[in-house]
């Protein structure tokens, strides 16, 4: 004990050195174990990459963005809100199906009756039963838009695009006494010299009347404007020819557009027959044409005229 007291400083230093040595050994051992454990751990499995967005879905989303603003419906319903409520996309004011017609002129009730997507901006041009007629046409013709066997008549797809008139192919060239000279407008046929009561070669017309007329033009010269009246032997419709003037043919032409299936445009002359797919066995005849409409008949029902409206702009 006396020695420890005498050499206390040395004992303290020795004990501290021993403690540090033991600590270093322990730290080294733990470090080796940590390294071994770290090497045994396996890397976590990589997460699967997110699937790329579907091109079709993106295209559909882009198409919807191009559509005009449309009604936004609320999903609220219940005891105090018994009907659909929505916000008018134009006025931004609340509305209901009872107070606002969403797709005029088609009533909301008709769209809901057949469970059509009333919130779609293009609902009237949709064709859910793929019969070739859109919802607006089905409503106009009182047919079922979701039944392929219920559709408007195919003639409803016929519209008049334009109205045209052709020059009459004969020209009243001259007259001497009771003889009248007629030429073709293209001057490719020989002149016909005819009298009242004669039929005109190559046509359905005959001469029925002559009226001598004269007028003074702006230069003070007297001009012969005599008229020769022709008559269609089949229809008895009159046609007046003024001397040396090209007149409009009574055989008017209607230019039609048929939009069932593939769009088709074609011209029909008055009294000409034509047919329409898919009912090509039915023959139609153009009997009249005006700037606002064309009139046709089914040749099997000639007493029932069918008016063809003009094509909407």
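Things worth noting here:
- Cα convex hull of the range 232-313, projected area averaged across orientations, nm²: 7.3 nm²
- Length gained when the stretch residue 288-residue 159 is fully extended (0.36 nm per residue, less Cα-Cα span): 45.0 nm
- Efficiency of FRET between residue 212 and residue 303 - r from beta-carbon atoms, R0 35 angstrom, step 0.05: 0.25
- Euclidean distance between Cα centres, the range 209-245 to the range 256-313, Å: 34 Å
- The stretch between residue 109 and residue 29, if pulled fully straight at 0.36 nm per residue, gains 20.3 nm over its current Cα-Cα span.
- Neighbour-count ranking [beta-carbon atoms within 10 angstrom, fewest first] of 221, 191: 221, 191
- Take the Cβ atoms of residue 244 and residue 141, set R0 to 45 Å, and the FRET efficiency comes out at 0.30.
- In terms of its C-alpha gyration tensor, the range 170-242 comes out prolate, because a/c is 1.5 or above and the ratio a/b outweighs b/c.
- Each of 263, 233 has some number of other Cβ atoms within 10 Å of its Cβ, and from fewest to most they run 263, 233.
- Placing a pseudo-label 7 Å from each Cα along the Cα-to-Cβ vector at residue 236 and residue 185 gives an inter-label distance of 2.7 nm.
- Those residues of the range 188-213 whose amide nitrogen sits under 15 Å from the label point placed on residue 173, 7 Å along Cα→Cβ: 188-195, 201
- Residues 247, 62 arranged by fewest to most Cβ contacts within 10 Å: 62, 247
- R0 of 25 Å, Cβ-Cβ distance residue 201-residue 223: FRET efficiency to nearest 0.05: 0.30
Just so you know, all these numbers are worked out from the coordinates, no wet-lab data involved. The structure displayed is predicted, hence computed values, not measured ones. For neighbour counting, all protein chains shown are included, and Cβ atoms are generated from backbone atoms with ideal geometry for every residue, glycine included.
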